[in-house]
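Q: One structure follows; several queries about it will come next.
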Amino acid sequence: MQPVRKAVLPVAGLGTRFLPATKVMPKEMLTVVDKPVLQYVVDEAREAGIEQFIFVIGRGKQVIEDHFDISFELESMLAERGKTKPLEELRAQLPEAGNVSFTRQQSPLGLGHAVWCARELVGNEPFALLLPDVIIKNKRGVMAQMMDVYNEHGSNVIAVEEVAPERTDQYGVVEINGSGDVFDVTGMVEKPKAGTAPSNLIITGRYILKPRIFDLLANTEKGAGGEIQVTDAMLTLMKEDGFKGLKFQGTTYDCGSKIGFLAANLAFGLDRPDLAPELTEIAKGLMG
Ligand code: G1P
């Protein structure tokens, strides 16, 4: 079985839901407590053993390249001032030299198209796909949990979770066969119309995919929202090769939505020993 060494992170989206914050700043760089959302996702992938990071960026996203580079002036200033802890943290978060690549999605044709733009950088091997809008809070990251499933079954894997039935029209929704936490996926539909979803299990934004997906994406027609959807290509891949679903351990925060982003800041803030006592008092005070 080929190991999963590479991760694709599509970060080309415009972030219109977060204007004016995202007028000049990529939505993936919004901070949850003191770390960009994107860094949480990269950390999750590294914990799972990912070595190579492929970012599919768009116009105006150059600060993402700078974020995953050494800031020489900043580091020497921190060193001079003896600020060793932040310096060590900055260094620890940086992927190894040569392990970060960037490619551009030139037109916003959809998530499936963004993933397809990474085909040459991924090559002929399985890869992890992580959508950086979503961060998931758990002691052990979701991608690491998914690697266990991949290593056991050698199959394509998607992370799924339950949502309220009235929200299924906002996501990719799966149909499954089996019970427990790991099962066969037997159907998938992107953003089903209200009342037509096959279940209330949605695709969470974490995938392990075999490279065959790229050939399928190349021939995928526009789907939901007039965009090329990764879910549509995955449905064909599922019929050819199978797909495992994992009901993962963890709490999801959709940082692409205002409420999810605020909730993430509260949850991750309350988890920090240096902030929790004061934050709790402030929250209590605000709630009356
Ligand atoms: C994408 C996927 C969808 C998935 C969702 C998770 O949709 O297409 O299948 O459920 O991410 O956040 P988007 O949020 O880009 O519309």
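Q: For A197, which of the numbered conditions (1) aliphatic (A, V, I, L, M); (2) buried (at least 20 other Cβ atoms within 10 Å of the Cβ); (3) at pLDDT below 95 fails to hold?
A: (3)
Q: While we're looking at this one, here's another question. Quick one: which residue in V182, V173 is of a type in the set (A, V, I, L, M), in contact with a Leu (Cβ under 7 Å, 6 or more places away or on another chain) and open to solvent by 40 Å² or more (accessible area, probe 1.4 Å)?
A: V182
Q: For the condition modelled with pLDDT of 95 or more and either of a type outside the set (V, I, T) or more than 30 Å from N124 (Cβ to Cβ) (or both), what is the one hit in R5, R91?
A: R5
Q: Return the pairs, sorted by first residue and then second, in which the second residue is in a loop (DSSP other than H, G, I, E, B) and within 11 Å of the ligand (Cβ to nearest atom), the first residue lies in the range 127-140 and is open to solvent by 30 Å² or more (accessible area, probe 1.4 Å), the beta carbons are less than 8 Å apart, and the residues are 6+ apart or on different chains.
A: D133/G13; D133/C255; D133/G256
Q: If the Cβ limit is 6 Å and pairs must be 6+ apart or interchain, which residue in the range 224-250 that is closer than 24 Å to E152 by Cα pairs with which residue that is in a loop (DSSP other than H, G, I, E, B)?
A: These pairs meet every condition: A233/T220; G242/S155; K244/S155; K247/D181; Q249/N138; G250/N138.
Q: Please go through (1) closer than 29 Å to G226 by Cα; (2) surrounded by fewer than 19 Cβ atoms within 10 Å (Cβ to Cβ) for G154 and return the number of the only condition it doesn't satisfy.
A: (1)
Q: Taking the range 135-177 as the region of interest, how many residues are within 22 Å of E44 (Cα to Cα), within 16 Å of the ligand (Cβ to nearest atom) and either modelled with pLDDT under 95 or acidic (D, E) (or both)?
A: So the count comes out to 2.
Q: Output the number of residues of the range 6-28 satisfying the condition of being in contact with a strand residue (DSSP E or B) (Cβ under 6 Å, 6 or more places away or on another chain) and in a loop (DSSP other than H, G, I, E, B).
A: Here the count works out to 1.
The values are calculated or read from the model by the stated rules, or taken from the named source; none is laboratory data. Worth saying up front: this structure is predicted, and the values here are computed from it rather than measured. Cβ sites come from the backbone with ideal geometry, for glycine too, and all protein chains shown count toward neighbours. Surface areas here come from the heavy atoms of the whole protein model, side chains and all, with no ligands, DNA or RNA. Shrake-Rupley method; radii C 1.70, N 1.55, O 1.52, S 1.80 Å.
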